[in-house]
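The next block holds one structure in the form of structure tokens; read it before the comments.
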Amino acid sequence: MDILTIFLRTVLIYFVVFLMLRLMGKREIGKLSLFDLVISIMIAEIAVFVLEDSGKPLLDGLIPMGTLVIIQIFIAYLTLKSRTLRLLFDGKPSVIISKGMIDRDEMKKHRYNLDDLMLQLRQNKIMNVADVEFAVLEPSGKLSVVEKAVKESEPAEATKGTFRYEGLPLPLIMDSKVQDQNLEKIGKTRFWLKNQIQVKGVRDFKEVFYCSIDHRGRIFLDRKR
């Protein structure tokens, strides 16, 4: 009898949660803001609480879940009318890369590091920071990227023609720290790297936030500001 009760309660809670998520709107499925995430987690926790104790009345779970859905729908309605409230609950986009330059202060504000940036660029099928004109970190945590316009003729680089390797762009400096293992992969030294950044007007590694090299030997450098 207990097994049957648990089975029926599970089926009922499944359909109740399904219905509540539908009532919250398609927006919740496609994008979870911080507020949406809190509501979803709380509904899931309450559902588990009801299922774990078959002696608990179903109303002890259904009423809190229904209350959360009402709050969500009410807040969603208010945010439709007020952009101020919308920014308060959903947050606002942050420009991480502007005109090809990485905004270190904005990254620090959101505790967003270079590894996060490189990961999300790869997810956008972009392998080189040098190819990015703008990158915007959306409130949902997704990175929206606008690539630079392709130029028919590129200016000559100091490193062009010196060597060529096959592979993805390699970071040579990250957060002012030289990536020695990547220098070894391309058969170069710190002395060579320092010469390359000096050509671009940088005297010391500590002045560099990010530096990478692509398969054609082109160096991308972003200075600390």
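Find all pairs meeting these conditions: Cβ atoms under 8 angstrom apart; at least six residues apart or on different chains; first residue within the stretch 169-188 and under 12 Å from F220 (Cβ atoms); second residue hydroxyl-bearing (S, T, Y).
The qualifying pairs are P169/S212; L170/S212; P171/Y210; P171/S212; L172/S212; I173/Y210.
Which of the numbered conditions does R86 fail, given that it passes all the others? Conditions: (1) charged (D, E, K, R); (2) part of a loop (DSSP other than H, G, I, E, B); (3) closer than 28 Å to A135 by Cβ.
(2)
Out of the residues in the stretch 54-74 that are among the small types (G, A, S) and part of a helix (DSSP H, G or I), state the one that is surrounded by the most Cβ atoms within 10 Å (Cβ to Cβ).
Within the stretch 54-74, the subset among the small types (G, A, S) is 54-55, 61, 66.
After this cut, where a residue has to be part of a helix (DSSP H, G or I) as well, the list is 61, 66.
Details: G61: 24, G66: 15.
Only one residue tops the list, namely G61.
Please determine, by comparing only the residues of the stretch 80-101 that are of a type in the set (D, E, K, R) and open to solvent by less than 100 Å² (accessible area, probe 1.4 Å), which one is nearest to the chain's Cα centre (by Cα). It would help to see each step written out before you state the result.
Initially, the stretch 80-101 is screened for residues of a type in the set (D, E, K, R), giving 81, 83, 86, 90, 92, 99.
Those still in the list that are open to solvent by less than 100 Å² (accessible area, probe 1.4 Å) too: 86, 90.
Numbers: R86: 20, D90: 15 Å.
So, considering only residues that are of a type in the set (D, E, K, R) and open to solvent by less than 100 Å² (accessible area, probe 1.4 Å), the one nearest to the chain's Cα centre (by Cα) is D90.
Checking K92 against (1) in a loop (DSSP other than H, G, I, E, B); (2) charged (D, E, K, R); (3) more than 17 Å from M174 (Cβ to Cβ); (4) free of Cβ contacts under 8 Å to residues at least 24 places away in the same chain, which test does it fail?
(4)
Would you check which residues across the stretch 142-198 are modelled with pLDDT under 65 and either over 30 Å from V95 (Cβ atoms) or among the charged types (D, E, K, R) (or both) and list them?
K151, E152, E154, A156, E157, K160, G161, T162, F163, R164, Y165, E166
If you scan the stretch 115-146, which residues turn out to be part of a helix (DSSP H, G or I), surrounded by 18 or more Cβ atoms within 10 Å (Cβ to Cβ) and of a type in the set (A, V, I, L, M)? Please lay out each step first, then the result.
Just the residues of the stretch 115-146 that are part of a helix (DSSP H, G or I), to begin with: 115-123, 129-131.
Subsequent filtering for residues that are surrounded by 18 or more Cβ atoms within 10 Å (Cβ to Cβ) retains 117-118, 120-121, 129.
Correct list: L117, M118, L121, V129.
Check H215 against each of (1) in a loop (DSSP other than H, G, I, E, B); (2) crowded, with 17+ Cβ neighbours inside 10 Å and name the one condition it does not meet.
Here H215 clears every test but (2).
Which one of Y77, Y112 is surrounded by fewer than 17 Cβ atoms within 10 Å (Cβ to Cβ) and among the hydroxyl-bearing types (S, T, Y)?
On the way: Y112 fails: surrounded by fewer than 17 Cβ atoms within 10 Å (Cβ to Cβ).
Result: Y77 is the single residue among Y77, Y112 that is surrounded by fewer than 17 Cβ atoms within 10 Å (Cβ to Cβ) and among the hydroxyl-bearing types (S, T, Y).
Say we look at the stretch 164-208 and pick out the residues that are assigned to a helix (DSSP H, G or I) and aromatic (F, W, Y); which of these is most open to solvent (accessible area, probe 1.4 Å)? Even if it seems obvious, please write down each step before you answer.
Within the stretch 164-208, the first condition is being assigned to a helix (DSSP H, G or I), and the residues that meet it are 180-185, 190-199, 205-207.
Add one more test, that the residue is aromatic (F, W, Y), and what stays is 191-192, 205.
Values: F191: 155, W192: 37, F205: 28 Å².
Once the filter is applied, the top-ranked residue is F191.
If I filter the stretch 78-99 for residues that are at positive phi and modelled with pLDDT of 85 or more, do I get at least one hit? I'd like the intermediate steps shown before the answer.
Taking the stretch 78-99 first, the residues at positive phi are 91, 99.
Then drop every residue that is not modelled with pLDDT of 85 or more, which leaves 99.
Checking the stretch 78-99: at least one residue is at positive phi and modelled with pLDDT of 85 or more.
The values are calculated or read from the model by the stated rules, or taken from the named source; none is laboratory data. From a predicted model like this one, the values you see are computed outputs, not experimental measurements. Because the Cβ atoms are built from the backbone with ideal geometry, glycine has one as well, and the counts that use them run over all protein chains shown. Areas reflect the complete protein model, heavy atoms only, side chains present, ligands, DNA and RNA absent. Shrake-Rupley method; radii C 1.70, N 1.55, O 1.52, S 1.80 Å.
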